[in-house]
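S.K.: The structure follows.
The values are calculated or read from the model by the stated rules, or taken from the named source; none is laboratory data. Being a predicted model, the structure only gives us computed values, none of them experimental. As a convention, Cβ positions derive from the backbone with ideal geometry for all residues, glycine included, and neighbour counts pool all protein chains shown.
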Amino acid sequence: MLSIVIPCFNEEENFKIYEQELFREVEKLRISYEIVFVNDGSKDNTRKEIEKIKKKRKNIILVSYEQNRGLGYAVRQGIAAAKGDLIVTLDADLTFHPKQIKGLLDRFREGDCDCVIGSHFLAGGKLEKVPFYRKALSKCVNIIYCILVGRNIKSISSILRLYKTADLKALSLEAKGFDINAEILFKLIKKKKKIVEIPAVLTTRKYGVSKLNTKKEILNHIKLMSKMLRWKFLS
């Protein structure tokens, strides 16, 4: 079974597109699946929207708590709740469209890897409707991440990934913020897991307010680089 983990913080507006752009695409895969929604202390009607879906569909898991704890904490709670053999992580705003899950599964089924990353920096991938300055910032920091990790991986912090559930549950994860994806990747590499990438398209959200702030984003990248140095030399 496939578990799709989706962390949510104030995403009520995006639920209007889920029937067409999430559930329909996942059902095309023709595999057993569950969707684990993690309501990360939303102040809007995100939880109510998930509960509405849960009443209609049996394969929905809701994890919810009152205080906003950050992306990393939400992803960790989703991993803990997942019951499938495989986990795909996905943004609630669907900026990585769910139709790309098929590519992750197809690559995994080739049988020579433990984790598949959807990379917008890989040849064939792209960033759509994203401002130039954000593209430049993202590309520059990922080059530095690549050096720190010691692997030729183009997207260190991308959330669009497929993992073996057992591999994730065996990791001791601590990240509370957006550094969760880098922490997972770094620790899988430490365990000598085979990581591969496939091209993916990243676009901008249709609904809701972006959580990104350029100054905060730069600060987060600096913090993540320092953490990666600690993981590299002290772990």
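S.K.: Specify the residue that is modelled with the lowest pLDDT; the eligible residues are those in the range 136-161 that are farther than 14 Å from H120 by Cα and not in a helix (DSSP H, G or I).
M.R.: So, considering only residues that are farther than 14 Å from H120 by Cα and not in a helix (DSSP H, G or I), the one modelled with the lowest pLDDT is G150.
S.K.: I've got another one for you. Among the numbered conditions (1) aliphatic (A, V, I, L, M); (2) under 30 Å from G111 (Cα atoms); (3) outside any loop (DSSP other than H, G, I, E, B), tell me where A92 comes up short.
M.R.: Here A92 meets the rest and fails (3).
S.K.: Scan the strands (runs of 3 or more DSSP E) fully inside the range 1-83 and keep the ones with 1 or more residues being on the phi < 0 side of the Ramachandran plot and buried (at least 21 other Cβ atoms within 10 Å of the Cβ). Show your work before the answer.
M.R.: Numbers: elements: 2-8, 33-40, 60-65.
Per the criteria, 2-8, 33-40.
S.K.: Enumerate the pairs (first residue in the range 3-25 and under 16 Å from K54 (Cα atoms) and at pLDDT 95 or above; second residue anywhere and of a type in the set (G, A, S) and in a helix (DSSP H, G or I)) with beta-carbon separation below 7 Å, excluding pairs fewer than 6 apart on the same chain, so at least 6 apart or on different chains.
M.R.: Taking only residues 6 or more apart or on different chains, the pairs are V5/G78; P7/A74; P7/G78.
S.K.: Then there is this: The conditions are (1) closer than 23 Å to F9 by Cα; (2) of a type in the set (S, T, Y); (3) at pLDDT 95 or above, and T165 fails exactly one of them. Which is it?
M.R.: The failed condition is (1).
S.K.: While we're here: Please list, ordered by first then second residue, the pairs with beta carbon atoms under 8 Å, 6 or more apart or interchain, first in the range 162-174 and aromatic (F, W, Y), second surrounded by 18 or more Cβ atoms within 10 Å (Cβ to Cβ).
M.R.: Y163/L86; Y163/I87; Y163/V88; Y163/T89; Y163/C115; Y163/I184; Y163/L188
S.K.: Could you go through the range 215-224 and let me know if any residue there is surrounded by 13 or more Cβ atoms within 10 Å (Cβ to Cβ), at pLDDT 65 or above, farther than 26 Å from L171 by Cα and among the hydrophobic types (A, V, I, L, M, F, W, C).
M.R.: The answer is no, given that none of the residues of the range 215-224 is surrounded by 13 or more Cβ atoms within 10 Å (Cβ to Cβ), at pLDDT 65 or above, farther than 26 Å from L171 by Cα and among the hydrophobic types (A, V, I, L, M, F, W, C).
S.K.: Now, a different point. Check off (1) in contact with a Gly (Cβ under 9 Å, 6 or more places away or on another chain); (2) touching a residue at least 60 places away in the same chain (Cβ under 8 Å); (3) within 24 Å of E174 (Cβ to Cβ) for I61 and give me the number that stays unchecked.
M.R.: Just one mismatch for I61, condition (2).
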